[in-house]
Ligand code: GLC
């Protein structure tokens, strides 16, 4: 997103509306100053420059953390048919509203989520404070369509915040700009008075969230339909957020760049220098969906986490609690299994840095400084073919082509056992004498100490391979 282009467009639009060189100052219904540049300079550029200047420091804990828990919880959990049911099934508002009366979660259900997150090795949580359905899970003065004034009779966001803090986890708020319940939620696209009202409402809710719960670590915006960033007054939105929470980090889904990108349901690294976080479901649904049994395996989850870490990204993995707050058993089991694996192998994930690694069918790589972590998905075992090729040396062999540094030592993380190796640098590293059976599950990790940054460049090595020269002639 080109910030200069946005502010220029905003400026020109305001100029056009005012028909003069200066725009009038105005306030919205919350008494907040609206976007009214008095000169050609961007009134938010100082805030944005400060945001960029403090980014590395604000995001240090997040880069270290690597793994978070996403929680999709709301009225849609009562229906249990996916969080898009209201729209997808065309449920009329009065009918959908009935669920607000029938939403009776047990007290402090969030404590179980926070305990689960800790057991799972997750370092932060992000909960839906308002999803597209428009129901506020928190106490607000701006609508009675909120948890304290409906079935729950209490502030569910406060319970969540307290639960996360009690387990030493960082606290994130998901907030959907799109709102299917508010009367101006769609009308704001074509009706300027509706837009003003809806923007005041939106900014007002965000202000409450940023004011009433102490220090918040992440603001995770979602779906900016139907307005542009200018329409949402997203720069002013972020300015308010940073004034209230100077240490916070924000994502890019209010139409601005924010601090990090948010690939959804796939692991794709952003360009170097840009922070990113893959968000993903454990089955196929964000909200609780009774019939959805498409659970991912612990191996898929651990591999995705490693793949994120490999590219310098984070992994935000979702649970969809039921209406009473309980977490589907399958989710608990998968998270606990990966958590147990992280108890031993966490050093291959937490605090690792972006590396330069290829995709490999059996192996993932992460690194910290000169240490390379080899995370084996599919253990080779000992086959006759592997035996011939290793000249009948005992044990299994893992080969890594194109490692552009010398190896000093290697060990199995699970047992601490030293691993023998030979290196035909830079063509191939052979880790040898390995156990016949995979020493760990879902991934087995080998820690390899190298002389310098462990770059793996299999393609760059191609011209050096004797078989390349032979094949070409
Ligand atoms: C999409 C979906 C939404 C979900 C979100 C999570 O935007 O619309 O239901 O909350 O992804 O990233």
Exercise for the section: Out of all DSSP beta bridges with both ends in the chain, state the antiparallel percent to the nearest 5. Expected result: 50 percent
Fill in the blank from the handout: Quick calc: nm separation of the 7 Å Cα→Cβ label points for residue 324 and residue 353 -> 5.0 nm
Practice task
Any chance you could give the angle, 0 to 90 degrees and rounded to 10, that helix 3-18 forms with the longest Cα principal axis of the chain?
Solution key: 10 degrees
Exercise for the section: Along each of the three principal axes of the Cα atoms of the chain, give the extent in whole Å, ordering the values from largest to smallest. Expected result: 80, 54, 39
Fill in the blank from the handout: Per segment 241-294, sqrt(5λ) over the Cα gyration tensor eigenvalues, sorted largest first, in Å, gives 28, 16, 8
Handout entry: Beta bridges by DSSP in segment 82-241, antiparallel share as percent, to the nearest 5
Key = 10 percent
Exercise for the section: Can you tell me how much longer the chain between residue 165 and residue 228 gets when fully stretched, taken as 0.36 nm per residue apart minus their C-alpha distance, in nm with one decimal? Expected result: 19.2 nm
Practice task
Return a whole-number percent for the relative contact order of segment 358-415, with Cα pairs under 8 Å and 6 or more residues apart as the contact set.
Solution key: 20 percent
Practice task
Using only the alpha carbons, work out the radius of gyration and Dmax of segment 249-333 in angstrom.
Solution key: 14.2, 42
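Using 0.36 nm per residue of separation minus the Cα-Cα distance, give me the extension gain between residue 453 and residue 428 in nm, one decimal.
Between residue 453 and residue 428, full extension yields 7.4 nm more.
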Exercise for the section: Starting from the Cα gyration tensor of segment 363-462, multiply each eigenvalue by 5, take the square root, and state the resulting semi-axes largest first in whole Å. Expected result: 20, 17, 12
Handout entry: 0 to 90° range, to nearest 10: angle between helix 329-345 axis and the chain longest Cα axis
Key = 50 degrees
Practice task
Can you tell me how much longer the chain between residue 247 and residue 406 gets when fully stretched, taken as 0.36 nm per residue apart minus their C-alpha distance, in nm with one decimal?
Solution key: 53.2 nm
Practice task
Any chance you could give the angle, 0 to 90 degrees and rounded to 10, that helix 298-310 forms with the longest Cα principal axis of the chain?
Solution key: 80 degrees
Exercise for the section: Describe numerically, in nm with one decimal, the distance between label points set 7 Å from Cα along Cα→Cβ at residue 266 and at residue 46. Expected result: 4.2 nm
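Quick note: the coordinates plus some simple rules give every number you see, no bench work behind them. In this text the structure is predicted, and so the values were computed from the model without any measurement. Virtual Cβ from ideal backbone geometry, glycine too; neighbours counted across all protein chains shown.
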